[in-house]
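See structure below.
The values are calculated or read from the model by the stated rules, or taken from the named source; none is laboratory data. Note that this is a predicted model, so its numbers are computed, not measured. A quick note on method: Cβ atoms are made from the backbone with ideal geometry, for glycine too, and the neighbour counts reach across all protein chains shown.
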Amino acid sequence: MSKYGMTRDEALGLLQEYLQNPNLYKHCLASEAVLRALARELGEDEEKWGLAGLLHDLDAESQPDLATHTTETVRVLSERGVDPEIIEAIRLHNEEAHDDKRSTRFHHALAAGETITGLVIATALVYPDKKLASVKPKSVRKRFKEKAFARGANREIIRECEQLGLEVPRFCDLALAAMQEIADDLDL
């Protein structure tokens, strides 16, 4: 048993139970990789941050409406005794469903980390081979500046990396490197 109330293997099993869409499952894996890399970079707890990245969209299929997204995840993880700080970071990665706002490094890390995965994947998909290995860090940084590119990757949320003391270019590089490490798991 993890000190956070759930092991990574248990979290993966839960994701497989709740998510049918393989792309959403891969998004959770990518988010975990980025959060673990952020934790290493910032001297934070890699296991804790990784679990938050892995589990943050557990209810994305059952609660696709942003007005309710995360509510089912909070219930499920609370019932299973998952660390309250992980649950709170997950809850607040979707501020739209709640009255309170992100306020801690952990909250900002999860929101920025899960959002940048879409930008990195979109960047890879415009390459002829559609492989993360082909993506250069400067490409992700360039695409970040193109507002029309990957519109779903909210630049303001990605900019929350600055709340962690990371400039956007460094964050882009870190996210790309983290996702390249698990490219096989992402089929990219």
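Residue by residue, here is whether (1) in contact with a Phe, Trp or Tyr (Cβ under 9 Å, 6 or more places away or on another chain); (2) hydrophobic (A, V, I, L, M, F, W, C) holds:
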residue	(1), (2)
Leu29	no, yes
Glu32	yes, no
Leu38	yes, yes
Glu46	no, no
Leu54	no, yes
Leu66	no, yes
Val76	yes, yes
Val82	yes, yes
Asn94	no, no
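Answer with yes or no whether Thr7 is more than 12 Å from the chain's Cα centre (by Cα), within 22 Å of Ala153 (Cα to Cα), surrounded by 13 or more Cβ atoms within 10 Å (Cβ to Cβ) and of a type in the set (S, T, N, Q). Criteria not met by Thr7. Considered as a group, the residues in the range 44-69 that are in a loop (DSSP other than H, G, I, E, B) and among the acidic types (Asp, Glu) include one that is nearest to Glu167 (Cα to Cα), and that residue is Glu44. Out of Glu41, Glu72, Glu88, one residue alone is of a type in the set (D, E, K, R), assigned to a helix (DSSP H, G or I) and either touching a strand residue (DSSP E or B) at 6+ places or on another chain (Cβ under 9 Å) or in contact (Cβ under 8 Å) with a residue 60 or more places away in the chain (or both). It is Glu41. Give the range 145-170 a look and list any residue that's in a helix (DSSP H, G or I) and of a type in the set (D, E, K, R), or say none. Scanning the range 145-170 gives Lys145, Arg155, Glu156, Arg159, Glu160, Glu162, Arg170.
Taking the conditions exactly as written (surrounded by fewer than 23 Cβ atoms within 10 Å (Cβ to Cβ), assigned to a helix (DSSP H, G or I) and touching a residue at least 40 places away in the same chain (Cβ under 8 Å)), does Leu110 satisfy them or not? Explain how you work it out, then say what you get.
Details: surrounded by fewer than 23 Cβ atoms within 10 Å (Cβ to Cβ): no; assigned to a helix (DSSP H, G or I): yes; touching a residue at least 40 places away in the same chain (Cβ under 8 Å): yes.
Criteria not met by Leu110.
Restricting Ala97, Ala111 to those that are at pLDDT 95 or above, among the hydrophobic types (A, V, I, L, M, F, W, C) and touching a His at 6+ places or on another chain (Cβ under 7 Å) reduces the list to Ala111.
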